[in-house]
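For reference, the structure is listed below as structure tokens.
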Amino acid sequence: MTAVLKNSGYDQAALVAAVKSVLPETRPLPLHEPEFIGREQEYVKDCIETGWVSSVGAYVDKFEELVAEKSGTRFAVACMNGTAALHIALVVAGVGRDDEVLVQDLTFVASANAVHHAGAIPHFVDSERETLGLDPDALDAHLSEVAELRDGGAFNRATGRRIAAVVPMHVFGHPVRMERLAEVAARWNIPVVEDAAESLGSTRNGRLMGSYGMLASVSFNGNKTITTGGGGAVVTDDESLARRLKHLTTTAKLPHRWAFDHDEIAYNYRLPNLNAALGCAQMEMLDRFLAEKRALAALYRDAVADIPEVEFFDEPEGCESNFWLNAVLVPDRAARDALLETLNADGIQARPCWTLMHELPFNRDCPRARLDVTGELVDRIVNLPSSAKLGRRS
Ligand SMILES: Cc1ncc(COP(=O)(O)O)c(C=O)c1O
């Protein structure tokens, strides 16, 4: 073990034993596995037999209704993945070429990529210790330092660029302090577009994630709580935005019985009916998966409770997280890497947080705030296997 750990009370062997006490002995044990134990085969077979496999069909319409319901919004527009969903959400929110978009540095690369896809520049901000997500107070302080309000919008004084949106991301399903963020964003006249890719079913003060922003994107990638294989959606309460989203994600085709006419350059981002069929069946399992993931989180919480200098990352106060990925915090980067080596060598897929966005070569020149908390968190987080079935006890 490294010198850093010698004098601390941290005991990796105790932590590994605790993690193993929660898990079955089967190996390899993936970080997050999809599971198809409902009506998936029936619905997919129905698509194949009827020929409705592509961008039109009853399942994709139904799936949109279900996604809206589970996001606490009036509308959902299904997309082919969560990255496309976030891209189109930003476009519809008014983000354009050479704008800046505030994005937390501690996120999956797709959050920043979507900003680049919109022709804009990500501007990285810090997370907070209590949620892992964007810190609204630090954001407010940063904006006071670098931004000014003029012409009805916020502008970065150093670059002269408009700050066109803020993208909070609910890390591992733990909700950002959205009420406070909404206040700050409103004061700076910056639209909020939630990256709710990881947080389907999570609530804060009883309100579902995805329902706070002007728009929010969700992902149904194979590693998410429920999956469509690949898939995503944008959710919103605003009917005109929903209509615009549908238009832009379906090549801006003008409705007509036989003519093929389009009124602008747009995208072929629609989720196929075949994938939506899988999604409809998965949605029927969502409440059960959420309960099982909650049970798994309780097992990890109890197992590591007495281990010095180890913290189970729990849901923030007032929140019910979906515990998409369980996480423990260890003392430092050396402890993190040693734990990752040991668990992975044993066939237990554990992983660190993402490489920070500002450290990726294509983001190095992007503006950024102080990232002190992010820097500490990234050194200490280890994600543990989190499939719903690991919380199933009968
Ligand atoms: C935070 C975050 N944003 C966006 C995405 C993109 O979703 P997708 O993989 O469906 O494109 C993901 C996950 O994959 C994610 O975790």
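The values are calculated or read from the model by the stated rules, or taken from the named source; none is laboratory data. Since the structure is predicted, the reported quantities are computational estimates derived from the model, not experimental observations. All Cβ positions, even for glycine, are placed from backbone atoms using ideal geometry, and neighbour counts span all protein chains on display. For the accessible areas, the whole protein counts, side chains as well, though only heavy atoms, and no ligand, DNA or RNA atoms are used. Shrake-Rupley method; radii C 1.70, N 1.55, O 1.52, S 1.80 Å.
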### Task
Report in % the part of the accessible area of the chain that belongs to carbon and sulfur, leaving out ligands and nucleic acids; probe 1.4 Å.
51 percent
#### Entry: Over region 137-239, relative contact order from alpha-carbon pairs under 8 Å, at least 6 apart, %
19 percent
### Query
Can you pull the accessible area of I307 for me, 1.4 Å probe, Å² to the nearest 10?
20 Å²
### Message
For the chain, set up a GNM with springs between Cα atoms under 10 Å and report which of D126, D98, D151 has the largest fluctuation.
### Response
D151
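What size of dipole, in debye to the nearest 20, comes out for region 230-314 about its Cα centre when the only charges are +1 on Lys and Arg C-beta atoms and -1 on Asp and Glu C-beta atoms? Numbers along the way, then the final one.
Values: 10 positive and 14 negative charges, 132 e Å.
Here the size comes out at about 640 debye.
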## Note on the structure
Sorted by chain and number, the residues with a modelled amide H under 5 Å from that of E100, at a separation of 5 or more or across chains, are I121, R162, I163, A164
### Task
Enumerate the calculated ³J(HN,Hα) couplings along region 268-275 in order (Karplus 6.51 cos²θ - 1.76 cosθ + 1.60, θ = phi - 60°), each rounded to whole Hz, writing x wherever the residue is Gly or Pro.
9, 10, 5, 6, x, 4, 4, 5
### Task
Find the accessible area per residue for the chain; the probe is 1.4 Å, ligands and nucleic acids are left out, and the unit is Å².
42 Å²
### Query
How big is the shadow of the Cα convex hull of region 265-332, averaged over all directions, in nm²?
8.4 nm²
### Summary
Of the convex hull drawn through the C-alpha atoms of region 236-373, the volume per residue in Å³ is 257 Å³
## Note on the structure
Applied in sequence order to region 129-144, the curve 6.51 cos²θ - 1.76 cosθ + 1.60 (Karplus, θ = phi - 60°) yields integer Hz couplings, x standing for Gly and Pro, of 4, 6, 10, 6, x, 3, 8, x, 6, 5, 5, 4, 5, 5, 4, 4
### Task
Report, in debye and to the nearest 20, how large the dipole of the chain comes out about its Cα centre when Lys and Arg carry +1 and Asp and Glu carry -1 on their Cβ.
680 debye
## Note on the structure
The distance between the Cα centres of region 158-221 and region 293-317, in whole Å, is 25 Å
#### Entry: region 37-65-region 67-87 distance, computed between alpha-carbon centres (Å)
17 Å
### Query
How much of K45 can a 1.4 Å solvent probe reach, expressed as accessible area in Å² and rounded to 10?
120 Å²
## Note on the structure
Filtered hits (lysines, Cα-Cα < 23 Å from K62, offset >= 8 within chain) -> K45, K70, K224, K246, K253
### Task
Give the accessible area for V109 in Å² (nearest 10); use a 1.4 Å probe, count only protein heavy atoms, and leave out ligands, DNA and RNA.
40 Å²
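For region 40-283, what mean projected area does the convex hull of the alpha carbons give, in nm²? Please list the in-between numbers first.
On the way: hull surface 52.8 nm².
The directionally averaged projection comes out at 13.2 nm².
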### Summary
Most fluctuating of F220, F155, F75 in the GNM of the chain (C-alpha, under 10 Å) is F155
### Query
What ³J(HN,Hα) values, in whole Hz, does the Karplus curve 6.51 cos²θ - 1.76 cosθ + 1.60 give for region 334-350 when θ = phi - 60°, with x put for Gly and Pro?
5, 5, 4, 5, 5, 5, 4, 4, 5, 5, 5, 4, 8, x, 9, 6, 10
### Query
How much net charge surrounds G391 when only other residues with a Cβ under 14 Å from its Cβ are counted (Lys, Arg +1; Asp, Glu -1)?
+2
### Dipole magnitude of region 274-394 about its Cα centre (Cβ charges: Lys, Arg +1; Asp, Glu -1), debye to nearest 20
440 debye
